[in-house]
Amino acid sequence: DSGVTQTPKHLITATGQRVTLRCSPRSGDLSVYWYQQSLDQGLQFLIQYYNGEERAKGNILERFSAQQFPDLHSELNLSSLELGDSALYFCASSVGRGRETQYFGPGTRLLVL
Amino acid sequence: EDQVTQSPEALRLQEGESSSLNCSYTVSGLRGLFWYRQDPGKGPEFLFTLYSAGEEKEKERLKATLTKKESFLHITAPKPEDSATYLCAGEDQGGKLIFGQGTELSVKP
């Protein structure tokens, strides 16, 4: 157990809908990262927050957004969902801004029908 | 463009048969090279971080090494429980992890 929690574990929804994925980092970690893992793309970095502020952006679509709250938990919002958004979404956390170990949560499996 | 490439894509070993996994990287200003293990349907589990060429780290049957262009994960006398996908990732200057596609390792008893 990495200490990073993610909810829900599974999510099934329809195209065009909006969903919210939640992540609680390890105690004491200030950075939260979001990744998407699909069979054809592998693990892709989406976005990083450090202590409530956006710090780095990766291959995140405009339909996706995230935020980190004062209690350091983070939410990833996915809207206007498409079939191709079906994937595993992982959250990771680390103590600082980078050059440290990122610990991954168990993931949320999203299926868009 | 920053890139991490792992080979082979899949590796089948007999129990006790040692081998190596390769991770080639072109990440400008590499801040760290990370190895993770991932079991099906689970999140990646941290194994090692390497920061500079020549560095080596060991954990049980695994040893990771780093050069200026690539990293190797050596597996000595593997056991069936070592079966998993092994992921390599380079951290760029912005703190982003760039992952390779992984090597799926299967160890048969």
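Observations
- Chain A, relative contact order in percent, only Cα pairs under 8 angstrom and at least six apart counted: 37 percent
- For a paramagnetic label modelled on B:SER106 (point 7 Å from Cα along Cα→Cβ), amide N atoms under 18 Å away belong, within the stretch B:50-81, to B:78-81.
- Rounded percent of accessible protein surface that carbon and sulfur make up, chain B, 1.4 Å probe: 46 percent
- Label point distance in nm, A:ASN59-B:ASP39, each placed 7 Å from Cα along Cα→Cβ: 2.7 nm
- 5 angstrom amide H check on B:GLY43, placed H, neighbours 5+ away: none
- The protein assembly as shown, Rg to Rh (Cα coordinates; Rh as Kirkwood inverse mean 1/r): 0.97
- Backbone amide hydrogens, once placed in the peptide plane, bring A:GLN17 within less than 5 Å of A:LEU81, excluding anything fewer than 5 places away on its chain.
- For chain A, a simple Cβ point-charge model (Lys and Arg +1, Asp and Glu -1, everything else neutral) yields a dipole of about 60 debye relative to the Cα centre.
- Using C-alpha pairs below 8 Å separated by at least 6 residues, the relative contact order for chain B is 37 percent.
- When only the Cβ of Lys, Arg, Asp and Glu is charged (+1, +1, -1, -1), the dipole of the protein assembly as shown relative to its Cα centre reaches about 160 debye.
- Of A:LYS57/B:LYS63; B:LYS59/B:LYS79; B:LYS68/B:LYS96, pairs whose Cα-Cα distance is over 21 Å: A:LYS57/B:LYS63
- Scanning residues 5 or more positions from B:GLU55 or on other chains, those with amide H under 5 Å from its amide H are B:LEU66, with H placed 1.01 Å from N in the peptide plane.
- Dimensions in Å of the stretch B:1-81 - Rg and Dmax from alpha carbons: 13.1, 38
- Gyration tensor (alpha-carbon) shape descriptor, chain A, a/c threshold 1.5: prolate
- For the stretch B:81-109, the residues whose backbone nitrogen is under 20 Å from a point 7 Å from the Cα of B:GLU55, taken along Cα to Cβ, are B:87-100.
- Take the accessible area of B alone and of A alone, subtract that of the pair with a 1.4 Å probe, and the total buried over both chains is about 1600 Å².
- Each residue of the stretch A:106-113 was assigned a 3J(HN,Hα) from its phi angle through the Karplus curve 6.51 cos²θ - 1.76 cosθ + 1.60 (θ = phi - 60°); the sequence is x, x, 10, 8, 9, 10, 9, 9 Hz, with glycine and proline shown as x.
- Annotation: per residue accessible area for the stretch B:57-109 equals 46 Å², rounded to a whole number [probe 1.4 Å, protein chains only].
The values are calculated or read from the model by the stated rules, or taken from the named source; none is laboratory data. Fair warning: this is a prediction, and the values are worked out from it, not measured in the lab. Neighbour counts are summed over all protein chains in view; Cβ atoms, including those assigned to glycine, are modelled from backbone coordinates with ideal geometry. What goes into the accessible areas is simple: the full protein's heavy atoms, side chains included, and nothing from ligands, DNA or RNA. Shrake-Rupley method; radii C 1.70, N 1.55, O 1.52, S 1.80 Å.
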